[in-house]
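Here is the structure we will look at.
Laboratory data are not the source of any read-out in this text; all were calculated from the coordinates shown. The structure displayed is predicted, hence computed values, not measured ones. Neighbour counts are summed over all protein chains in view; Cβ atoms, including those assigned to glycine, are modelled from backbone coordinates with ideal geometry.
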2 protein chains.
Amino acid sequence: MTYIIGTGILKVGDHWEKSLRNLAAEASILAIEDAGGVSVDYVIVANSLSGVVNGQENLGSYVVSRLNLKGVPALKVEAANASGAAAAIVANSLIKSGDAKRVLVIGVEKMTDYTSLEDSNAALSTLMDSEYEAFHGATLDSLHALLMREYLRKYQVKREDFSYFPILMHENAVDTPHAQYRFKIDLDAYISSPLVAEPISMMDVPSPSDGAAAIVLSEKNEGPNGSVKISSFGQATDRISLYDRKSLLEMPSIRMAFNRAVSKLNNFKPDFYIIGEYSSVMGYIATEELGLAERGKAYKLFMDGEAKRSGPTPINPEGGSKARGDPIGATGVYQLAEAYLQLTGRAQGWQVNGARRALVLSIGGVGCNSVVHLVEGV
Amino acid sequence: MTYIIGTGILKVGDHWEKSLRNLAAEASILAIEDAGGVSVDYVIVANSLSGVVNGQENLGSYVVSRLNLKGVPALKVEAANASGAAAAIVANSLIKSGDAKRVLVIGVEKMTDYTSLEDSNAALSTLMDSEYEAFHGATLDSLHALLMREYLRKYQVKREDFSYFPILMHENAVDTPHAQYRFKIDLDAYISSPLVAEPISMMDVPSPSDGAAAIVLSEKNEGPNGSVKISSFGQATDRISLYDRKSLLEMPSIRMAFNRAVSKLNNFKPDFYIIGEYSSVMGYIATEELGLAERGKAYKLFMDGEAKRSGPTPINPEGGSKARGDPIGATGVYQLAEAYLQLTGRAQGWQVNGARRALVLSIGGVGCNSVVHLVEGV
């Protein structure tokens with residue numbers, strides 16, 4: 001069995017004054033302290049854009065050097081926005097196989113080293129199909145706009161129906177210390193928000209940001225501030241290109257990852273869900289793929305308050321990618337760190353009361369690489 | 001236990017007509033066929049420069065899409081020139097932990113999508129320290145030149161003494177079908193070769209190249225064309241920057257990786273060595289760190305013929321990075337694939353006679369992330 005035994009989380013945002021390595025180091029040092037100052041025998045760095053944005057690969061050695069962890073083996077894992085979750089899978093396997101006893105998993109992304117929207121879009125485009133999508137000028141936001149248009153058409157919902165998602169995300173983020181956007185929005189703000197790629201507005205997607213989070217995984221239940229066990233995981237891929245899929249509104253990778261994760265357990269009933277949604281419409285599709293709502297009806301969950309932190313099916317009690325922020329390759333580690341804090345009762349202000357079990361869904365690219373982790377308190 | 005049960009190797013070189021995904025797919029299809037057409041339940045892509053050079057990340061889903069392996073989970077592993085070896089560690093752990101039964105590991109790099117030396121150097125610089133080395137204009141070759149200068153000074157060897165290394169590498173590559181440079185060179189050619197970064201000449205380092213190799217790993221000894229078991233591995237990092245090290249001529253990461261690998265076994269005596277050397281001087285330092293020669297004396301092993309394919313200590317019977325070619329993130333997979341072919345007696349023309357055990361050393365960056373695999377025939 002593998003346990004999360006400590007975490008360090010930096011506020012998501014613009015960290016102009018900190019380099020990629022210093023962001024990684026800061027979160028790592030906090031995580032190791034939180035885990036009782038333990039030694040680690042493997043380091044995994046989750047990151048997606050450092051080659052393009054920061055001119056830096058070889059992140060394993062790069063981060064280990066900065067941390068002065070002499071000789072500790074290390075590598076980088078990349079799976080788009082699911083990089084952090086994929087890194088946790090690798091760490092989990094290293095521990096279960098006996099190849100490591102304690103693994104430090106660091107998610108880090110520094111997107112503000114690019115300062116123009118064009119450059120930032122180019123970096124995010126590396127997560128899409130370079131030859132068939134990016135080359136022709138599509139951006140990540142424009143692909144999400146295609147999903148939203150199709151969702152509007154097929155399910156005959158109104159554009160306002162998408163507002164319930166960011167409204168709840170921003171409401172939740174107000175209480176989350178490390179969230180990027182800690183302010184409420186309302187329907188008016190949503191409707192009047194500038195369009196990014198019609199019908200996607202600024203209120204539907206996150207903005208480029210910097211962030212770092214780290215967790216320490218151990219073969220032992222030894223967290224001085226509490227441990228959380230990784231009970232199961234599932235992962236699945238899908239076609240990287242939207243043009244290559246049967247339906248824009250189905251994301252079988254999410255369904256398959258979910259089924260693979262739950263098939264290893266009996267009766268796992270999560271008390272809350274953390275889903276890495278990137279856009280409002282993706283949030284709805286993910287909610288539907290997880291079986292929490294019928295297709296085309298996810299908005300009701302958010303409209304009716306069911307998905308609130310205090311509701312029966314809490315979703316993204318920390319504010320999700322929209323409001324907590326989405327530092328691409330780091331996001332999966334944020335999600336697991338947030339689940340850890342919830343399940344050890346340390347999510348002050350943003351705590352889901354009595355949370356014992358969580359489902360964490362990370363989504364890479366436009367739904368082409370999904371990872372589900374089922375985690376529970378011990 | 002984990003076995004290599006099949007491989008596919010493309011010739012290293014300039015593959016202008018093939019895209020990154022097609023290179024990966026071609027090697028993968030060959031490997032799966034070689035392994036008996038088995039199904040795989042995990043895909044790991046080893047690559048280091050695709051973000052910068054090809055504008056493509058998210059390689060797990062990208063390659064799985066091209067292979068039409070519906071839903072199979074996947075991720076990318078990066079550790080500079082040791083990416084392929086690090087990917088094999090991850091695959092091995094996934095299998096040993098029970099999280100996967102058969103893993104396809106693909107090493108792919110397409111460096112010729114950049115056509116200027118400046119761009120190629122910029123891409124390779126992402127493997128160094130971006131802020132303290134690359135930013136000030138150092139290139140990968142210039143760092144190796146520093147090592148060579150210091151080696152010349154400290155050990156009082158002659159520049160000609162470095163010739164024995166590339167001469168043997170090129171001699172070996174003549175017989176290796178997938179090698180990039182299948183021609184012999186002599187001392188004259190070495191001495192008159194244009195300098196790249198004094199005293200490093202074109203004959204001391206590989207050139208940018210494209211390549212893809214794949215191996216199938218399985219929990220079972222089931223290779224229809226032979227299986228090879230991964231008996232042990234060891235990995236260690238070092239400071240990413242040269243300025244941060246005590247000695248330019250010691251690479252403790254190699255020594256530590258080697259010690260970690262052998263500590264898990266009794267009396268593992270390799271019949272041959274595959275070392276990912278990048279430059280002549282690195283080849284000598286690696287040979288010394290592995291205990292095959294005293295410091296400053298490695299050239300003798302190559303001068304005297306001891307390191308020949310037919311000698312007592314064969315090193316790089318396929319021609320090494322110098323002559324087989326070094327497609328950075330793919331190289332580690334090439335090395336393991338080559339060991340597999342040797343140990344199953346299928347290295348026609350470049351076979352080490354009676355080879356039963358091999359040591360494979362992959363070196364990331366300028367000796368900052370080393371992986372040793374010990375593999376043997378079954």
Label-zone membership for the stretch B:26-65, site B:LYS220, 7 angstrom Cα→C-beta point, backbone N under 17 Å: B:32-42
Cut-off under 5 Å, modelled amide H: who pairs with A:GLY365 long-range: A:ASN81, A:ALA82
Cβ-vector label at 7 Å, A:PRO224, separations to other copies in nm: 5.8
Nearest-20 debye value, the stretch B:181-271 charge dipole, Cβ charges on Lys, Arg, Asp, Glu: 500 debye
For the stretch B:241-255, 3J(HN,Hα) per residue [Karplus equation, 6.51 cos²θ - 1.76 cosθ + 1.60, θ = phi - 60°, Hz, x = Gly/Pro]: 8, 5, 4, 9, 9, 6, 9, 6, 9, 10, 10, x, 4, 5, 4
Cα principal axis extents for the stretch A:156-249, largest first, Å: 50, 38, 25
Simple spin-label estimate for B:SER207 and B:THR313 in nanometres, 7 Å along Cα-Cβ: 3.2 nm
Summed side-chain charge close to B:TYR190 - residues other than B:TYR190 whose Cβ falls under 15 Å, Lys, Arg +1, Asp, Glu -1: -3
Euclidean distance between Cα centres, the stretch B:271-347 to the stretch B:208-239, Å: 16 Å
Average beta carbon contacts from partner chains per residue of A:64-74, 10 Å cutoff: 6
Within the protein assembly as shown, percent of DSSP bridges classed antiparallel, to nearest 5: 70 percent
Where only alpha carbons of the protein assembly as shown are counted, the Rg and the Dmax (Å): 25.2, 81
Long-range HN-HN contacts of B:TYR42 with modeled amide H, under 5 Å: B:ARG102, B:LEU104
Shortest-first nm distances, B:LYS101 label point to equivalent points in other copies (7 Å, Cα→Cβ): 3.4
Surface/4 of the Cα convex hull for the stretch A:299-378, nm²: 5.6 nm²
Segment A:VAL378-A:LEU195, length gained on full extension (0.36 nm per residue, minus Cα span): 61.4 nm
Exam field: A:MET303 pseudo-label spacings to other copies (7 Å along Cα-Cβ), nanometres: 8.4
Beta bridges per DSSP with both ends in chain B, % antiparallel, nearest 5: 70 percent
Calculated FRET efficiency for the pair A:ASP244/B:LEU187, C-beta based, R₀ 51 Å, to 0.05: 0.40
Calculated from backbone phi, Karplus (6.51, -1.76, 1.60) coupling profile of the stretch A:340-348 in Hz, x at Gly/Pro: 4, 5, 4, 6, 9, x, 10, 8, 4
Geometric extent, Cα atoms of the stretch B:10-83 - Rg, Dmax (angstrom): 12.4, 35
Charged-residue dipole, Cβ positions (Lys, Arg, Asp, Glu), chain B about Cα centre, Debye nearest 20: 1080 debye
Whole-Hz ³J(HN,Hα) from phi, Karplus 6.51 cos²θ - 1.76 cosθ + 1.60, for the stretch A:80-97, glycine and proline x: 6, 5, 9, 3, x, 5, 5, 4, 5, 4, 4, 4, 4, 5, 4, 6, 4, 7
222 nm mean residue ellipticity, helices alone, for chain A (DSSP H n ≥ 4; -39,500 (n - 2.57); rounded to 500): -9500 deg cm²/dmol
Listed pairs B:LYS76/B:LYS246; B:LYS11/B:LYS76; A:LYS101/A:LYS229 exceeding 24 Å between Cα atoms: B:LYS76/B:LYS246
Average projected area [Cα convex hull, the stretch B:41-121], square nanometres: 5.3 nm²
Modelled FRET efficiency - R0 22 Å, B:GLU118 with B:ARG159, Cβ distances, 0.05 increments: 0.20
Chymotrypsin sites (Phe, Trp or Tyr not before Pro) within the stretch A:129-198: DSSP coil, no more than 12 neighbouring Cβ in 10 Å: A:PHE183
Viscosity 1.567 mPa s, 4 °C: Kirkwood-radius Stokes-Einstein D of the stretch B:239-378 over Cα pairs, µm²/s: 86 µm²/s
Long-range HN-HN contacts of B:PHE272 with modeled amide H, under 5 Å: B:ARG357, B:LEU359
Positive-end residue of A:ALA31, A:VAL53, A:GLY13, charge dipole of the stretch A:8-54 with Cβ unit charges: A:VAL53
